[in-house]
Amino acid sequence: MAGNGICNVTFTCSAGVGNETIKYIWTRPAGAPVFSIEESLLVQHRLGDEDSPVTCTAMNPFSNSSASVSPKVACEGPTPPQATSLSYCHAKGILVLGVLGTLLAGILTVNVLAAREQRRP
């Protein structure tokens with residue numbers, strides 16, 4: 001943290017092993033202009049701002065590979081999942097089902113008792 005709600009994070013892109021000639025290009029989403037050709041990139045993120053991921057593309061004469069990273073996640077951590085709450089409509093539906101179940105149990109009980117009374121001599 002640099003202060004004033006600013007987080008500095010350094011991302012490093014690495015690929016290949018040995019003496020391969022590898023070029024690195026860092027870009028923003030939607031093919032924004034190249035803003036670095038170094039292996040490492042220092043990014044500043046203001047806490048609470050929208051995310052602005054960066055993508056590193058590593059290239060050698062035969063192929064290339066890309067990976068994206070999020071300054072927001074690196075500085076603030078992943079967004080916690082939203083707690084699911086029981087909506088009013090769901091609660092009302094559960095209550096109605098409970099009442100109907102209780103009524104059904106009562107009706108069956110009355111019918112079973114009435115049928116037993118009719119069988120008695």
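To the nearest 10, the accessible area of R46 is 120 Å² with a 1.4 Å probe.
Protein-only accessible surface at a 1.4 angstrom probe places the residues K23, K72, K92 in the order K23, K92, K72, largest first. Rounded to the nearest whole Hz, the Karplus-based 3J(HN,Hα) values (6.51 cos²θ - 1.76 cosθ + 1.60, θ = phi - 60°) of the range 100-111 follow the sequence 4, x, 5, 4, 4, 4, x, 5, 4, 4, 5, 5, with x at glycine and proline. Accessible surface ranking for H45, H90, 1.4 angstrom probe, highest first: H90, H45. Counted residue by residue at 0.36 nm each, then reduced by the alpha carbon distance between them, the extension gain from N64 to E39 reaches 7.6 nm.
The values are calculated or read from the model by the stated rules, or taken from the named source; none is laboratory data. All values derive from a computational prediction rather than experimental measurement. For the accessible areas, the whole protein counts, side chains as well, though only heavy atoms, and no ligand, DNA or RNA atoms are used. Shrake-Rupley method; radii C 1.70, N 1.55, O 1.52, S 1.80 Å.
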